[in-house]
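Visitor: Sharing a structure here in structure tokens format.
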Amino acid sequence: MADEQISMEEFKFMADRAGLGMDQAELDHLKPIYELYLGYTAMLHSIDFGPEEMVVEFHPD
């Protein structure tokens, strides 16, 4: 997993665009957590399932 990083300016822009209204301390606290999950998300999106159809089924007991 590559160390994904974004600038604080870009992170603040995304938070503002989402309407979160966070102050700088909150942004400083959340950015490393966001960057951690950014790498995991990239790994998840890189999986090639091929032409298989994904199905979710529920079987009650």
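Visitor: Looking at this structure, is residue 6 assigned to a loop (DSSP other than H, G, I, E, B), surrounded by 10 or more Cβ atoms within 10 Å (Cβ to Cβ) and among the hydrophobic types (A, V, I, L, M, F, W, C)?
Guide: yes
Visitor: For the stretch 31-61, enumerate the residues that are assigned to a helix (DSSP H, G or I) and either in contact with a Leu (Cβ under 9 Å, 6 or more places away or on another chain) or of a type in the set (Phe, Trp, Tyr) (or both).
Guide: If the condition is that a residue be assigned to a helix (DSSP H, G or I) and either in contact with a Leu (Cβ under 9 Å, 6 or more places away or on another chain) or of a type in the set (Phe, Trp, Tyr) (or both), then 34, 37, 40 are the ones that fit.
Visitor: Hey, can you tell me all the residues within the stretch 23-54 that are over 16 Å from the mean Cα position of the chain (by Cα) and closer than 20 Å to residue 13 by Cα?
Guide: 23, 24, 25, 26, 28
Visitor: For the stretch 18-30, which residues satisfy the criterion of being part of a helix (DSSP H, G or I) and either in contact (Cβ under 8 Å) with a residue 24 or more places away in the chain or charged (D, E, K, R) (or both)?
Guide: 26, 28
Visitor: Note down all Cβ pairs under 7 Å where the first residue falls in the stretch 33-44 and is more than 17 Å from residue 7 (Cβ to Cβ), the second is open to solvent by less than 90 Å² (accessible area, probe 1.4 Å), and they're at least six residues apart or on different chains.
Guide: Cβ pairs passing all conditions: 42/4.
The values are calculated or read from the model by the stated rules, or taken from the named source; none is laboratory data. The structure presented is a predicted model; accordingly, all values stated were derived computationally and were not measured. Note that each Cβ is placed from the backbone with ideal geometry, even for glycine, and that neighbours are counted across all protein chains shown. The accessibility values were calculated without ligands, DNA or RNA, using every heavy atom of the protein model including side chains. Shrake-Rupley method; radii C 1.70, N 1.55, O 1.52, S 1.80 Å.
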